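This report refers to the structure that appears directly beneath it.
Where a number appears in this text, it was derived from the coordinates with a stated rule and is not lab data. The structure presented is a predicted model; accordingly, all values stated were derived computationally and were not measured. Quick reminder, even Gly has a Cβ in these numbers, built from the backbone with ideal geometry, and neighbours come from all protein chains shown.
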């Protein structure tokens with residue numbers, strides 16, 4: 001049931017995303033007067049943090065004055081680099097978040113490489129390259145997400161990152177507690193925590209978008225920490241404990257040894273979780289942001 | 001960058017012209033301009049009389065503190081002069 005709801009949410013997000021992207025391309029092409037290089041930059045200029053938006057307008061305004069397609073493309077690509085990749089001024093929350101995500105990405109990639117070396121059976125068929133590709137795509141998504149949320153030094157941006165960091169760490173702590181003492185209530189609290197922290201972010205800033213941004217920060221941390229924890233645990237225990245479903249599957253379809261089969265199963269699960277945990281936490285966080293942004297009515301004076 | 005802007009201190013300059021003059025790419029130019037503006041060394045304004053059908057461009061020039069910084073950098077300080085003399089003595 002949860003899987004169907006998540007799939008429906010992802011599909012809805014994809015449809016909304018495609019519609020928004022189409023509208024953005026049309027608007028950018030209109031602003032650019034049909035020039036492709038200018039359209040490209042007009043599309044990425046909004047990625048600049050709010051306090052840098054005027055600079056985006058300045059770069060955009062230069063483009064129609066540059067003669068020569070090559071020169072215009074060179075200028076537009078340089079400006080796109082500034083808008084998308086150059087971090088701009090960062091506060092400590094941005095540096096901490098960025099540090100966590102970069103470390104998490106490096107750890108995920110390193111653990112995957114280590115697994116392929118330690119368990120040669122994982123490379124027995126060609127499917128491992130598909131998994132590596134999937135992992136690369138997901139990790140690139142994390143890198144892009146980190147670049148997006150670690151930008152900006154407005155009070156809202158800083159608030160969102162602080163609550164988002166707290167949410168991500170709380171989620172991971174609760175998952176660890178659940179690992180030690182598996183209780184349904186801990187799982188429930190773990191999944192409610194992104195909602196609570198996003199609600200607090202929205203409440204403290206009075207803005208829903210701050211709550212949503214906090215949810216995204218939480219999602220990045222939660223997904224990476226969860227996945228790295230899962231893979232580390234898998235390697236430490238050689239895929240043990242083997243659940244009955246895995247053993248049954250191995251007996252029916254498995255090749256090689258049970259350890260490699262169980263490790264492969266867990267690694268597939270970790271990549272899936274790397275993609276699905278952020279979706280689930282963002283979904284919960286968006287709900288929290290909506291709740292937190294609802295203005296509190298002050299009691300009427302008699 | 002400071003030297004280029006200080007060469008014609010009262011003149012407002014366009015971003016692309018600075019790129020051409022200094023031989024740097026826009027990906028390097030704008031972060032420098034942003035940092036200069038953040039440190040209040042650069043003044044920026046929008047063109048008021050721009051070509052019809054084209055958006056107004058952003059213009060840049062050094063602020064008074066930017067000009068004094070540029071002048072400071074252009075003239076080696078007493079300390080660096082002494083250091084230079086020391087280095088020459090060593091060699």
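Helix A:155-180 versus the longest principal axis of chain A: what angle, 0 to 90°, nearest 10, using Cα atoms?
Tilt of helix A:155-180: around 0 degrees.
Helix A:2-32 versus the longest principal axis of chain A: what angle, 0 to 90°, nearest 10, using Cα atoms?
For helix A:2-32, the angle is close to 20 degrees.
Could you work out, residue by residue across A:241-251, how many beta carbons of other chains sit within 10 Å of that residue's beta carbon, and then give the average as an integer?
Per residue, the average neighbour count from other chains is 0.
How many angstrom lie between the Cα centre of the range A:147-200 and the Cα centre of the range A:20-99?
Between the Cα centre of the range A:147-200 and that of the range A:20-99, the gap is 31 Å.
Using a Debye calculation, one point per C-alpha and no hydration shell, please list log10 I(q)/I(0) for the range B:1-75 at q = 0.13, 0.17, 0.21, 0.22 Å⁻¹ in order.
The computed values of log10 I(q)/I(0) come out as -0.38, -0.63, -0.93, -1.01.
In square nanometres and to one decimal, what's the mean projected area of the convex hull around the Cα atoms of the range A:117-166?
Its average projected convex-hull area is 5.0 nm².
Using only the alpha-carbon atoms of the range A:1-148 as identical scatterers, what base-10 log of I(q)/I(0) does the Debye formula give at q = 0.11, 0.18 Å⁻¹?
-0.66, -1.13
Just to verify a number: FRET efficiency for residue A:36 and residue A:179, C-beta to C-beta distance, R0 = 56 Å, to 0.05?
In this case the efficiency is close to 0.65.
What does the average come to when, for each residue of peptide B:11-18, you count the partner chain Cβ atoms lying within 10 Å of its Cβ?
Counting Cβ atoms of other protein chains within 10 Å of each residue's Cβ and averaging gives 3.
Viscosity 1.306 mPa s, temperature 10 °C: Stokes-Einstein D of the range A:159-263 from its Kirkwood Cα radius, in µm² per second?
Values: Rh = 15.4 Å.
Translational D for this selection: 103 µm²/s.
Which angle between 0 and 90 degrees, to the nearest 10, do you get for helix A:208-237 versus the longest principal axis of chain A when only C-alpha atoms count?
Taking the Cα atoms of chain A, the angle to A:208-237 is about 30 degrees.
Of all the C-alpha pairs in the protein assembly as shown, what % are more than 35 Å from each other?
Tail of the P(r) past 35 Å holds 45 percent of the pairs.
How do A:124-131, A:192-199, A:68-75 rank on mean C-beta neighbours within 10 Å, highest first?
Descending packing order for the listed peptides: A:192-199, A:68-75, A:124-131.
According to a simple spin-label model (label point 7 Å from Cα along Cα-to-Cβ), what is the distance in nm between residue A:109 and residue A:294?
Once both label points are built, they end up 4.4 nm from each other.
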